[in-house]
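Trainee: Pasting a structure below so you can have a look.
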Amino acid sequence: MQKFIDVTIKPVLIIGGLGTAAAGLDAFFPRFAVENIQKLAFIPEYTIFVQHWGIMVCLMGVFMVAAAFKESWRMPILLYGMIEKAFMVFLVASNLGQPFSGGFLAPAVMDAIITVWSVLYFVSLRRNVRP
């Protein structure tokens, strides 16, 4: 499993990070992102919340890309990302019957893949510590 992690860590962090950083569209173009990506009605009163969420998720993606090249950043970035992404998957899965969940299916699939990969990453670290 360690070889798999070693071979995939940079591509996972770069590709997953870029996909995650795409949420920056919500921060800078909230109406466009909400209506065209999340497929929701844009509610002007929620603009600040949408923009705040967008920049937080965007920065998570930027830090994932940085962690691809800065090994000392990997543990905290992957731990936080795994928890955040697992929760997003949970939210989408628990709301699948709702019409508002449709625009979040593709990000949830990506987040599920990154969550499973992150679990494997942490399991591989644990195996390297054991005698």
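The values are calculated or read from the model by the stated rules, or taken from the named source; none is laboratory data. All of these numbers come straight from a predicted model, not from anything done at the bench. Positions of Cβ are generated from backbone atoms using ideal geometry, with glycine treated the same way; all protein chains shown enter the neighbour counts. Note: areas computed on protein heavy atoms with side chains; ligands, DNA, RNA excluded. Shrake-Rupley method; radii C 1.70, N 1.55, O 1.52, S 1.80 Å.
Trainee: Using each residue's phi in region 65-70, evaluate 6.51 cos²θ - 1.76 cosθ + 1.60 at θ = phi - 60° and report the 3J(HN,Hα) Karplus result to the nearest Hz, with x for Gly and Pro.
Mentor: Going residue by residue, I get 4, 4, 5, 5, 10, 10 Hz, with x marking Gly and Pro.
Trainee: Sticking with this structure for a sec: Considering the chain as a Gaussian network with a 10 Å cut-off on Cα pairs, which listed residue, G102, G16, G24, attains the greatest mean-square fluctuation?
Mentor: With Cα springs under 10 Å in the chain, the top fluctuation among G102, G16, G24 is at G102.
Trainee: Something else about it: Let's see if you can work this out: charge +1 on each Lys and Arg Cβ, -1 on each Asp and Glu Cβ, no other charges. What is the dipole magnitude of the chain about its Cα centre, in debye to the nearest 20?
Mentor: I would put it at about 560 debye.
Trainee: Taking the alpha-carbon centroid of each part, what is the distance from region 1-21 to region 73-131 in angstrom?
Mentor: 13 Å
Trainee: Follow-up. So, in nm, how far is label L125 from label L105 when the simple model puts each one 7 Å beyond its Cα toward the Cβ?
Mentor: Distance between label points: 3.4 nm.
Trainee: Next question. Determine the per residue accessible area of the chain with all protein chains present and a 1.4 angstrom probe, expressed in square angstrom. If you can, show how the numbers build up before the last one.
Mentor: On the way: 8100 Å² over 131 residues.
About 62 Å² of surface per residue is accessible.
Trainee: Under 16 Å from the Cα of K70, which aspartates and glutamates turn up, not counting those fewer than eight places away in the same chain?
Mentor: Hits, sequence-local ones excluded: D6.
Trainee: Between [x] 11, 30, 29, 19, 8, 3, 0; [y] 13, 40, 30, 13, 3, 0; [z] 14, 52, 32, 1, which matches P(r) over Cα pairs in 10 Å bins from 0, in percent calculated for the structure shown?
Mentor: [y]
Trainee: While we're looking at this one, here's another question. Tabulate in residue order the Karplus-calculated ³J(HN,Hα) for region 80-85, using 6.51 cos²θ - 1.76 cosθ + 1.60 with θ = phi - 60°, rounded to whole Hz; enter x for Gly and Pro.
Mentor: Running phi through 6.51 cos²θ - 1.76 cosθ + 1.60 with θ = phi - 60° gives 4, x, 4, 5, 4, 6 Hz.
Trainee: Moving on. Compute the acute angle (0 to 90°) between the alpha-carbon long axis of helix 2-21 and the principal axis of greatest extent of the alpha-carbon atoms of the chain; round to the nearest 10°.
Mentor: 20 degrees
Trainee: Quickly estimate the mean residue ellipticity at 222 nm for the chain, helices only: each DSSP H run with n ≥ 4 gives -39500 (n - 2.57), and the total goes over all residues, rounded to 500.
Mentor: The helix contribution divided over the chain gives -26000 deg cm²/dmol.
Trainee: Name the residue farthest towards the positive end of the dipole of region 1-75 from the options P44, M75, L18, assuming +1 on Cβ of Lys and Arg, -1 on Cβ of Asp and Glu, about the Cα centre.
Mentor: Looking along the dipole axis, the top candidate is M75.
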